[in-house]
Amino acid sequence: MPELLNPADPDFARDPYPYYARLRHEAPVRRVALANGTHAWLVTGYRQAREVLADPRFSNVPAPRAGRPRPVSAAQQARACLARHMLNSDAPDHTRLRRLTSAAFTPRRVDALRPRIEELTGQLVAQVAGRLEREGSADLVDAFAFPLPVLVIGEVLGVPEADRAELREWTYRVGSPADALAEGEVEEAWTALHGYFTALIAGKRRAPGTDVFSALVAESGAGALDDGELLAMAFLLLFAGYETTMNLLASACLLLLTHPGELAAARAGGPAGWAAVVEEVLRHASPLEGTTWRRTTQAVDLGAGTLIPAGASVLVVLAAAGRDPQRFADPDAFSPARYLPGAGDERAGAHLAFGHGPHFCLGARLARLEAAIALPALFEALPGLRLAAGADTLPYRPGLLVRGPRVLPVRAG
């Protein structure tokens with residue numbers, strides 16, 4: 001096990017699971033040294049992760065001056081403003097912020113998006129097929145896994161399609177360790193995002209539409225969002241609305257292309273087969289590697305001699321919890337059959353890819369719907385799809401927040 005955990009290390013980003021397995025074997029909750037000079041408690045066991053996510057003694061409010069000291073700058077001020085979102089809050093603020101946005105993600109409203117998702121998927125699949133015919137290869141991340149969720153969440157939120165490329169670049173930077181990027185790139189991205197959302201919200205005030213951002217801007221009275229909260233909510237809903245689904249789709253495509261037997265079973269299994277694939281990808285290759293950081297408001301005894309002191313930084317590693325052998329049989333195997341109706345493994349359904357407790361992901365139903373539509377459409381239209389590079393050579397997103405291949409080159413069979 002490395003002396004320091006370096007999330008920016010490309011080899012670690014590509015395959016962190018052996019490290020997490022060794023860590024979990026030693027202790028499912030353990031203090032580790034990070035390459036940035038800080039220490040943190042990593043939660044890698046399923047049971048312990050579930051407990052921490054539901055325990056109010058683990059606060060989501062970031063600790064002051066956490067991590068490396070940063071000089072006061074426009075970028076740092078922008079970051080502080082955009083970080084005021086509900087994932088970085090506790091009750092009662094979190095309850096109020098979640099209430100204002102939950103109406104946009106009710107089952108009825110999400111299910112009503114099905115025809116539009118099917119339409120967008122069909123357009124993108126046709127574009128991928130055209131690119132394969134013209135050029136012989138295509139990148140499924142750039143051509144499929146990214147544009148579908150960003151188009152869908154863009155319509156829900158009211159973000160212009162023309163802005164998606166810049167937003168993707170900016171959110172990629174702020175979700176990555178600074179050590180993985182050129183100097184100044186993270187700061188530049190925070191400043192650009194702050195400026196973008198400031199202008200977007202001003203535009204919604206001048207000319208409101210029927211989208212979520214317009215509704216949030218128009219909200220008034222007790223409990224309404226202030227200007228800073230509006231900016232933070234805009235950032236969170238966009239980032240969470242496409243980033244995780246993009247990684248879900250990309251990881252699903254990679255796993256199916258490298259497991260042809262499972263792909264054949266999904267094709268033969270109809271909607272239930274594809275739904276099982278989605279759940280197994282969520283467990284096996286969690287699009288969120290870890291939750292947002294938490295800190296203890298008091299000393300917490302998690303049992304087995306594990307006492308986390310007050311004020312400690314704590315990260316629940318969802319990617320590790322999903323492969324805990326105490327919870328999942330043969331956890332490193334990609335086996336969608338465990339999620340088929342009547343499979344007999346009642347434990348398998350409760351993966352933690354969307355979190356647990358009061359911060360459970362509002363967009364879980366939408367992410368599942370997009371994947372359940374997109375994956376069969378892609379593989380039915382392009383049955384001969386093949387990887388155009390070795391799976392073990394693909395670069396992955398660095399960091400401890402989101403996880404997925406950065407590129408996924410394919411060719412027609």
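Please report, in debye to the nearest 20, how large the charge dipole of the range 163-288 is about its Cα centre when each Lys and Arg carries +1 at its beta carbon and each Asp and Glu carries -1 there.
Working: 8 positive and 17 negative charges, 110 e Å.
With only Lys, Arg, Asp and Glu charged at Cβ, the dipole is about 520 debye.
Explain nothing, just the number: dipole magnitude of the range 10-411 about its Cα centre with +1 on each Lys and Arg Cβ and -1 on each Asp and Glu Cβ, in debye rounded to the nearest 20.
Values: 43 positive and 43 negative charges, 146 e Å.
Here the size comes out at about 700 debye.
Got a sec? Charge dipole of the chain, +1 on Cβ for Lys and Arg, -1 for Asp and Glu; which of V159, L256, L387 is way out at the positive end?
Going by the Cα projections, it comes out as V159.
Using amide H atoms built 1.01 Å from N in the peptide plane, name the residues 5+ places from R403, or on other chains, whose amide H lies under 5 Å from its own.
L288, E289
Would you mind checking the radius of gyration and Dmax of the range 268-395 based on alpha-carbon positions, in Å?
Taking only Cα atoms of the range 268-395, I get Rg and Dmax of 17.8, 56 Å.
Among V402, V277, C361, which residue has its Cα furthest toward the positive end of the charge dipole of the chain, with +1 on Lys/Arg Cβ and -1 on Asp/Glu Cβ?
Checking the options against the dipole of the chain, the answer is C361.
Which order do Y17, Y196, Y46, Y339 fall in if you start with the one that has the fewest other Cβ atoms within 10 Å?
Values: Y17 15, Y196 19, Y46 25, Y339 22.
In order of increasing Cβ crowding within 10 Å: Y17, Y196, Y339, Y46.
Could you give the DSSP H helices of the chain that reach 18 angstrom or more along their long axis (alpha carbon positions) and whose average Kyte-Doolittle hydropathy is no lower than 1.0?
Membrane-span-like by this criterion, though nothing is claimed about a membrane: 227-258.
Based on other C-beta atoms within 10 Å, arrange V300, V410 from fewest to most. Kindly include the intermediate steps, with their values, before the conclusion.
On the way: V300 20, V410 24.
So the residues, fewest neighbours to most, are V300, V410.
Given the C-alpha atoms of the range 10-411, compute the convex hull and give its volume per residue in Å³.
Numbers: hull volume 57.9 nm³, N = 402.
Hull volume over Cα atoms, normalised by residue count, gives 144 Å³.
Report, by chain and number, residues whose modeled amide H sits under 5 Å from the one on S313, excluding near sequence neighbours (fewer than 5 apart, same chain).
The answer is W41.
Answer with one residue from A329, G175, V29: the one whose Cα lies farthest towards the positive end of the charge dipole of the chain, charges on Cβ with Lys, Arg +1 and Asp, Glu -1.
Result: V29.
Share of antiparallel DSSP beta bridges in the chain, in percent to the nearest 5?
Working: 18 of 22 bridges.
Close to 80 percent.
Laboratory data are not the source of any read-out in this text; all were calculated from the coordinates shown. Note that the coordinates shown come from a computational prediction; the quantities given were computed from them, not determined experimentally. Every residue, glycine as well, gets a Cβ built from its backbone with ideal geometry; the counts of neighbours run over all protein chains shown.
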